[in-house]
Amino acid sequence: MTAQLTTPSAPAAPPAGQVSPPSVGASAAEMVARRKKGYSLEGGFYTSQEVYDLDVEVVFSKNWIFVAAAAEIPEAGDFVTVDIGKASVIVVRDDDDQIAAFHNVCRHRGSRLLEDKGFVGNIVCPYHRWTYALDGSLLHAESQPPTFDKTCFSLRTVHVRNLAGLVFICLAPEAPADFDEVAKLVEPHLLPYQLDRAKVARQVDLPEAGNWKLVMENNRECYHCDGHPELTSAYFPIFAYDEEDITPRLKPLYDRYTKAADALAEKRREQGTPLVDHMELDTRQVGFQLTHLPLDGEGRSFAAGGAAVCSKLIGEVKDAAFGDLSLHMQPNSWFHFLGDHAVVFSVMPTSPSTSVLRTTWLVHPDAEEGKDYDLESLCTVWNATNDQDRVLVTNTQIGCGDPSYVPGPYSMVEDQVEGFVNWYVTRLREHLGVEATA
């Protein structure tokens with residue numbers, strides 16, 4: 001029998017109105033170049049090792065990254081460590097009550113110095129006992145020649161900023177300079193909460209089965225907030241909605257929201273905080289958004305019906321019904337500041353398809369657990385919301401890895417997702433030197 005050769009037929013064109021999935025295995029530069037504004041990212045942005053490596057190198061190593069609340073290191077010698085890709089950083093409060101940051105690498109033969117978090121009098125290398133002061137200077141190195149100059153072997157510093165109790169670091173030799181401009185706009189809003197003096201009530205690290213960007217994108221919209229019943233008991237689920245976005249179903253809710261917003265504006269005047277909110281998510285390198293939102297019901301906190309979760313107000317807040325000061329900072333953090341407590345969030349990448357969400361609850365330093373607040377009640381809303389979001393992120397990660405996935409258009413109320421994605425793609429585009437083609 002003679003074998004017959006068959007010429008493969010050309011792939012069928014997609015039905016009218018459909019789009020072919022992007023080619024599998026496209027390079028990061030190709031995907032960045034053809035990214036279309038107003039549409040979600042291609043699947044490779046969430047699954048590619050090349051993109052993940054770029055995220056660590058470009059986004060997390062060249063920009064200001066939120067790493068801790070200052071309340072986590074309240075006393076001299078208190079420290080936390082932060083891992084960014086292969087890099088590790090020590091963030092410590094020094095003897096002058098200032099926050100410093102150093103590469104977590106001994107200047108002798110490179111040993112890691114500290115792990116996790118804790119307290120030290122001096123920083124002592126576990127290998128050969130080289131000893132550093134809290135300002136990073138080398139105090140002791142045994143068996144060195146007379147010509148050895150200790151001043152040449154201080155720990156290598158990392159850029160660090162304490163923004164009214166929120167600690168940011170930057171690994172780049174030159175950190176983005178516009179942090180100062182953003183700090184001037186943001187700090188006056190944060191001062192009443194006195195975060196530098198707050199107390200950590202609880203901190204939870206939640207592993208996510210999703211790329212870090214999916215965690216951030218999920219946070220940047222309330223299109224899905226109907227799936228958060230605990231949160232929406234107090235939180236108006238119309239974040240980023242303009243009046244023209246309000247559907248008939250949402251009209252009664254919106255009317256209640258505008259009335260609560262007017263009442264909150266008066267409280268902001270009485271407190272002396274600025275009345276102007278800000279949104280510059282993708283128009284500067286230190287992208288941010290700040291909005292002071294009213295809460296539903298009693299307007300006090302995140303408990304059911306807007307009830308309080310702590311009887312002692314945080315910082316110097318004068319009125320318990322002080323709404324929710326919501327702050328987003330590109331690329332990895334968001335914050336909620338309320339009259340009785342604060343909640344701070346950070347996301348760190350761990351692989352192309354995994355990340356870690358850290359949530360920290362802060363209260364007044366004199367607030368006592370069991371008297372002024374119940375810990376489980378304090379954390380109920382965000383424990384539930386984080387778990388619900390984790391399912392959404394997991395499902396989206398799976399879907400973005402499906403060969404049939406094609407980027408879809410954002411809705412009218414997902415403009416802050418577009419702001420995050422555009423900021424992110426701009427960072428990669430600048431690094432790769434590619435022009436947009438879409």
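Checking Y127, Y132 one by one, the residue that is aromatic (F, W, Y), over 30 Å from Y52 (Cβ atoms) and open to solvent by 20 Å² or more (accessible area, probe 1.4 Å) is Y127 and no other. Only one of the numbered conditions (1) in a helix (DSSP H, G or I); (2) open to solvent by less than 50 Å² (accessible area, probe 1.4 Å); (3) touching a residue at least 24 places away in the same chain (Cβ under 8 Å) is violated by R256, and that is (2). When you look at S137, is it farther than 24 Å from Y52 by Cα, without any contact (Cβ under 8 Å) to a residue 12 or more places away in the chain and out of contact with any Asp or Glu (no Cβ under 6 Å at 6 or more places or on another chain), yes or no? Spelling it out, it is not the case that S137 is farther than 24 Å from Y52 by Cα, without any contact (Cβ under 8 Å) to a residue 12 or more places away in the chain and out of contact with any Asp or Glu (no Cβ under 6 Å at 6 or more places or on another chain).
With the requirement that a residue be under 22 Å from P331 (Cβ atoms) and buried (at least 20 other Cβ atoms within 10 Å of the Cβ), what does the stretch 259-281 give you? Give the steps one after another, and end with the answer.
Applying the first criterion (under 22 Å from P331 (Cβ atoms)) to the stretch 259-281 yields 277-281.
Selection gives L281 alone.
Looking across the stretch 234-253 at every residue that is assigned to a loop (DSSP other than H, G, I, E, B) and either among the basic types (K, R) or open to solvent by less than 40 Å² (accessible area, probe 1.4 Å) (or both), the one that is farthest from H336 (Cα to Cα) is identified as I246. Quick check on the stretch 83-114: of everything there that is among the small types (G, A, S) and outside any loop (DSSP other than H, G, I, E, B), which residue is surrounded by the fewest Cβ atoms within 10 Å (Cβ to Cβ)? Ranking the candidates gives A87 first.
Within the stretch 192-233, restricting attention to residues that are more than 22 Å from N383 (Cβ to Cβ) and basic (K, R), the residue that is surrounded by the fewest Cβ atoms within 10 Å (Cβ to Cβ) is R197. Count of the stretch 304-320 residues, restricted to those that are open to solvent by 10 Å² or more (accessible area, probe 1.4 Å) and assigned to a helix (DSSP H, G or I), is 2.
One residue stands out among those in the stretch 46-82 that are touching a Cys at 6+ places or on another chain (Cβ under 8 Å) and in a helix (DSSP H, G or I): the one that is surrounded by the fewest Cβ atoms within 10 Å (Cβ to Cβ), which is T47. Taken over the stretch 84-106, residues that are touching a strand residue (DSSP E or B) at 6+ places or on another chain (Cβ under 7 Å) and of a type in the set (D, E) amount to 1.
Every residue, every condition in (1) open to solvent by less than 10 Å² (accessible area, probe 1.4 Å); (2) in a strand (DSSP E or B); (3) touching a Gly at 6+ places or on another chain (Cβ under 8 Å), yes or no:
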{"site": "F322", "(1), (2), (3)": "yes, no, yes"}
{"site": "S326", "(1), (2), (3)": "yes, yes, no"}
{"site": "D340", "(1), (2), (3)": "yes, no, no"}
{"site": "F345", "(1), (2), (3)": "yes, yes, no"}
{"site": "M348", "(1), (2), (3)": "no, yes, no"}
{"site": "L357", "(1), (2), (3)": "yes, yes, no"}
{"site": "T360", "(1), (2), (3)": "yes, yes, no"}
{"site": "A367", "(1), (2), (3)": "yes, no, no"}
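The numbered conditions (1) modelled with pLDDT of 95 or more; (2) in a loop (DSSP other than H, G, I, E, B) are all true for Y223 except (1). Residues that are surrounded by fewer than 17 Cβ atoms within 10 Å (Cβ to Cβ) and closer than 19 Å to R112 by Cβ within the stretch 154-170 comprise S154, R156, T157, listed in sequence order. Residues of the stretch 426-438 that are touching a helix residue (DSSP H, G or I) at 6+ places or on another chain (Cβ under 6 Å) and modelled with pLDDT of 90 or more: R427, L428, R429, H431, L432, V434. Looking at the stretch 399-416, which of its residues are in contact with a Ser or Thr (Cβ under 8 Å, 6 or more places away or on another chain) and part of a helix (DSSP H, G or I)? Result: C400, single match. All conditions in (1) closer than 18 Å to A69 by Cβ; (2) open to solvent by 10 Å² or more (accessible area, probe 1.4 Å) hold for D180, with the sole exception of (1).
Checking the conditions here, which among P146, P173, P188 is surrounded by fewer than 21 Cβ atoms within 10 Å (Cβ to Cβ), under 27 Å from V56 (Cβ atoms) and at pLDDT 95 or above?
Working: P146 fails: under 27 Å from V56 (Cβ atoms); P188 fails: under 27 Å from V56 (Cβ atoms).
Just one listed residue meets the conditions, P173.
Looking at T380, T426, T396, which one is within 14 Å of A201 (Cα to Cα), open to solvent by 30 Å² or more (accessible area, probe 1.4 Å), assigned to a helix (DSSP H, G or I) and in contact (Cβ under 8 Å) with a residue 12 or more places away in the chain? Working first, answer last.
Details: T426 fails: within 14 Å of A201 (Cα to Cα); T396 fails: within 14 Å of A201 (Cα to Cα).
Going through T380, T426, T396 in turn, just one is within 14 Å of A201 (Cα to Cα), open to solvent by 30 Å² or more (accessible area, probe 1.4 Å), assigned to a helix (DSSP H, G or I) and in contact (Cβ under 8 Å) with a residue 12 or more places away in the chain: T380.
For the stretch 273-294, how many residues meet the condition of being without any contact (Cβ under 8 Å) to a residue 40 or more places away in the chain and either farther than 30 Å from I169 by Cβ or in a helix (DSSP H, G or I) (or both)? Qualifying residue count, the stretch 273-294: 1.
The values are calculated or read from the model by the stated rules, or taken from the named source; none is laboratory data. These numbers come from a predicted model, not from an experiment. Counting neighbours? That spans all protein chains shown, and the Cβs are built from the backbone with ideal geometry, glycine included. What goes into the accessible areas is simple: the full protein's heavy atoms, side chains included, and nothing from ligands, DNA or RNA. Shrake-Rupley method; radii C 1.70, N 1.55, O 1.52, S 1.80 Å.
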